[in-house]
Amino acid sequence: MERRTIGAAALAVGAVGLGCMPMSWAYSASRQRGAESLRAVHRALDLGSTLLDTADMYGPFTNELLVGRALKERRSEAFVSTKVGLLVGDQHLVANGRPGYVRRACDASLRRLQTDVIDLYQLHRADPEVPVEETWGAMAELVRAGKVRALGLCAVGARGRRRSGARLYDGTIRQLERVQQVFPVSAVQAELSVWSPEALESLLPWCEARGVGLLAAMPLGNGFLTGTLVPGEGFEPDDVRARHPRFTAEMMAANQPIVAGLRRTAERHGEHVTPAQVALAWVLAQGRHVIPVPGAKREHWVRENAGAAALRLTPQDLAELGRLPAARRSWD
């Protein structure tokens, strides 16, 4: 399997990571089963998908506990990434970047993950009440204390902060420039997929110029790019897609040409190649600094995702995928 590195962390990870969030948060609670999710983590490690991405807020806390059960047996095989800076409130999220909180949260994550060091510690969201340099400085202290190996920053929420006339990640890049003066950034996590390619415009070039890894969040479009979701079928009330403007029945139907394009490419590569694997292979083709982190909670999805690392898209494939229509949303 091809190996890639996360920036200055200089630690090799599998070409396709595993996003653990769906195992205990954000998606349908009725389909969350701890034992099955644990088997999925073990299968990912078996297949070389060694990057395990979680966060203290997922659950909250239960996702780290689940990952910790796997790490107890196989810590040396995993590259562990978790996040700090967001608290789950009553129907809302609250940012907390106070240095004292960051230090306590790290210790709590280490206990839940059953490890003595976190490979990549990511700032989930900057606290508007605390200068980001102060938060990042506290995180840097954790590196010096040997509790964390490298630091990353999440830009997943950038879409909601877009202003007219501004590129999507302009604010994120300004933030990265600020924290880079305090301690090196090893990775940035941002949405990147066939239907959300905006990170290619300025964020990926920023990362490539500095040897910073880009963790591609939602590379399967929250499941839409797998071609397994049926427009109008609906989602359980606790599923984040039930409120997402791209997942109304109207928008899912309007965006079917994107899935059809992925399916056409998959068919050219053989009957066992899936649209999801094409979508992940497209992300991998964007450069050596890019590592897709698809969410999964079942063994068969983990196997399918890991298989994308062996799929080599041709120039024709990439050209056709580049001509797919832009994704529509309810606000378009």
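Under a Cβ-Cβ cut-off of 12 Å, what is the net charge of the residues other than GLU304 that fall near it, where Lys and Arg count +1 and Asp and Glu count -1? Before the final figure, lay out each step's value.
Details: positive: ARG43, ARG298, ARG303; negative: GLU299.
Within the 12 Å Cβ shell, the charges total +2.
Hey, of (1) 0.98; (2) 1.01; (3) 0.94, which did the structure itself give for Rg/Rh (Cα atoms, Kirkwood Rh) when calculated?
Computed from the coordinates, Rg/Rh (Cα atoms, Kirkwood Rh) corresponds to (3).
Ordered by packing density, taken as the mean number of other Cβ atoms within 10 Å over each peptide's residues, highest first, how do 125-135, 318-328 rank?
125-135, 318-328
Of the accessible area of segment 57-180, with the probe set at 1.4 angstrom, what percent is carbon plus sulfur?
Details: 2710 of 5680 Å².
Looking at segment 57-180 in its full context, I get 48 percent from C and S.
Given the DSSP H assignment, sum -39500 (n - 2.57) over each helix run of at least 4 residues in the chain and divide by its residue total; what's the result at 222 nm in deg cm²/dmol, nearest 500?
The helix-only estimate for the chain comes to -11000 deg cm²/dmol at 222 nm.
What does the accessible area per residue of the chain come to in Å², with a 1.4 Å probe and no ligands, DNA or RNA counted? Numbers along the way, then the final one.
Details: 14040 Å² over 332 residues.
About 42 Å² of surface per residue is accessible.
Sort 62-68, 167-173, 291-297, 143-149 by packing, meaning the average of other beta carbons within 10 Å per residue, with the highest value first. Please list the in-between numbers first.
Working: 62-68: 22.7, 167-173: 19.1, 291-297: 26.7, 143-149: 15.4.
In decreasing order of mean packing, 62-68, 167-173, 291-297, 143-149 become 291-297, 62-68, 167-173, 143-149.
Mind checking the angle between helix 62-74 and the chain's longest principal axis? C-alpha axes, 0 to 90 degrees, to the nearest 10.
Roughly 80 degrees between the two axes.
The values are calculated or read from the model by the stated rules, or taken from the named source; none is laboratory data. This structure is a prediction, so every number in the text was calculated from the model and none was measured. Every residue, glycine among them, receives a Cβ derived from its backbone with ideal geometry; neighbour counts consider all protein chains shown. Note: accessible area is taken over every heavy atom of the protein model, side chains too, but ligands, DNA and RNA are not part of it. Shrake-Rupley method; radii C 1.70, N 1.55, O 1.52, S 1.80 Å.
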